[in-house]
Amino acid sequence: MPIAMNKFVVSPMLLGLPVDLSDEHQLFDYGHDRTQYFSSLYKRPALQPRDHYFLQHFKGWTVRTSGHGLNTQRVHLMDFRTSQRHGTAFVYTLPLSEQEVFVEYTLFTTELLLPEHYDEALKEYIGQVLGVHEYEVVEEESGIIPMTNHRFRRAEGSLVRIGTAGGDTRASTGYTFTHTQRTIDRILANVRSGKPVYPFTDHPAKNYYFDSTILEVLHRGTYPGSLIFEHMFSRLPASLILKFLDSETNFLEDLRIMNSVNKKPFIAGLAKYLI
Ligand SMILES: Cc1cc2nc3c(=O)[nH]c(=O)nc-3n(C[C@H](O)[C@H](O)[C@H](O)COP(=O)(O)OP(=O)(O)OC[C@H]3O[C@@H](n4cnc5c(N)ncnc54)[C@H](O)[C@@H]3O)c2cc1C
């Protein structure tokens with residue numbers, strides 16, 4: 001959401017005027033005074049030749065059962081025991097109580113599925129993997145997160161973008177919350193020390209190369225996503241993978257992660273971004 005510092009900003013939208021909501025220039029007349037603007041309005045960027053644009057799309061159900069057969073002690077993080085017929089797909093599960101479990105079917109692909117395909121995959125997983133056959137869906141959620149190595153423009157004049165629009169979504173994982181919080185910490189550190197809000201050190205450049213390589217490998221399809229993650233999970237401690245997902249790994253840890261996957265497709269993928 002747009003927030004103005006020091007000065008109150010009324011957008012045309014709030015005045016009920018017709019406006020193209022995807023156009024920040026229409027919403028804010030930024031760059032003409034000392035007001036600082038923040039925006040998290042997102043629109044799909046115009047892609048550059050080496051940009052990939054995958055979608056992380058998911059549908060989750062909270063299901064209630066009689067409790068019979070439900071393992072309430074086990075959480076599944078990226079469980080690939082689901083069909084890969086639509087592309088890289090996995091399931092998260094989180095038991096919520098003796099009777100309730102949250103199950104989320106997630107894909108990394110370039111196209112969305114038909115609504116019934118998400119439901120089919122959820123039903124299949126709940127029956128075949130969780131072994132639960134009688135249940136009621138008590139809640140559902142869904143979402144789409146862009147996974148792109150496009151380089152977003154963080155700032156433009158007095159406008160600073162935060163969130164996905166500012167490049168805070170990690171392209172290889174879709175994780176956004178942690179990165180946005182880091183960006184906001186950096187903004188606040190500048191404000192507290194009386195400096196201009198921007199520039200600040202953005203996410204490390206190594207993330208760009210790492211993420212571009214993963215997206216390139218997924219795009220080529222010669223090393224399926226399910227196998228990449230299977231290799232990572234079977235060859236590395238879960239704590240290291242969690243650190244990677246939160247972008248907290250150091251250089252040596254990054255090398256360990258790279259070492260856990262088949263080198264040839266990754267070197268070929270990386271080469272595209274180094275040349
Ligand atoms: C069900 C679900 C579960 C998720 N789980 C996770 C998770 O566990 N971890 C994680 O990292 N990410 C998760 N995500 C993704 C995460 O929510 C997004 O990546 C993140 O919220 C993006 O942040 P953002 O600030 O860029 O945009 P948003 O959070 O979408 O914020 C943009 C805001 O702008 C407002 N807005 C949009 N257009 C206009 C307009 N024209 N005028 C005024 N306001 C406008 C929107 O209403 C919204 O409030 C999940 C998403 C969903 C849907």
### Summary
Distribution output for the chain: share of Cα-Cα pairs per 10 Å bin in percent, first bin at 0, values 6, 24, 29, 24, 14, 3, 0
## Note on the structure
extent check for the range 179-229: Cα max minus min per principal axis, descending, whole Å, gives 51, 15, 12
### Base-10 log of normalised Debye intensity for the range 152-275 (one unit scatterer per alpha-carbon) at q = 0.16 Å⁻¹
-0.84
### Solvent-accessible area, 1.4 Å probe, carbon plus sulfur percent, for the chain
56 percent
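Counting only C-alpha contacts under 8 Å and six or more residues apart, can you give the relative contact order of the chain as a whole percent? Mind dumping the intermediate values first?
On the way: 422 pairs, mean separation 48.7, N = 275.
Here the relative contact order equals 18 percent.
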### Query
For the range 199-274, what is the relative contact order in percent, using Cα pairs closer than 8 Å and at least 6 residues apart in sequence?
47 percent
### Message
If you average the alpha carbon positions of the range 110-179 and of the range 202-275, how far apart do those two centres end up, in angstrom?
### Response
19 Å
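Taking the mean number of other Cβ atoms within 10 Å as a proxy for protection, how do you rank 195-204, 240-249 from highest to lowest? Don't jump to the answer; show the numbers that get you there.
Values: 195-204: 14.2, 240-249: 16.4.
The packing order, highest mean first, is 240-249, 195-204.
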### Summary
The long-range amide H neighbours of Thr110, using H built 1.01 Å from N in the peptide plane and a cut-off of under 5 Å, are Leu55
### Task
Return the sequence-ordered ³J(HN,Hα) values of the range 137-144 in whole Hz as given by the Karplus equation 6.51 cos²θ - 1.76 cosθ + 1.60 applied to θ = phi - 60°, using x for Gly and Pro.
7, 9, 7, 9, 9, 8, x, 9
### Task
Within 10 Å, count the other beta carbons around each residue, average over each peptide in 51-58, 40-47, 102-109, and list them highest first.
102-109, 51-58, 40-47
### Task
Among the lysines, select those whose C-alpha is under 24 Å from the C-alpha of Lys272, and discard any that sit fewer than 8 residues away in the same chain.
Lys206, Lys263, Lys264
### Query
Which value, in Å², gives the accessible area per residue of the range 113-160 when a 1.4 Å probe is used on the protein heavy atoms?
57 Å²
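The values are calculated or read from the model by the stated rules, or taken from the named source; none is laboratory data. No experiment lies behind these values; they were computed from the predicted model shown. Backbone-built Cβ (ideal geometry, glycine too); neighbour counts: all protein chains shown. The protein model used for the area step is the full one, side chains on, heavy atoms only, and it has no ligands, DNA or RNA in it. Shrake-Rupley method; radii C 1.70, N 1.55, O 1.52, S 1.80 Å.
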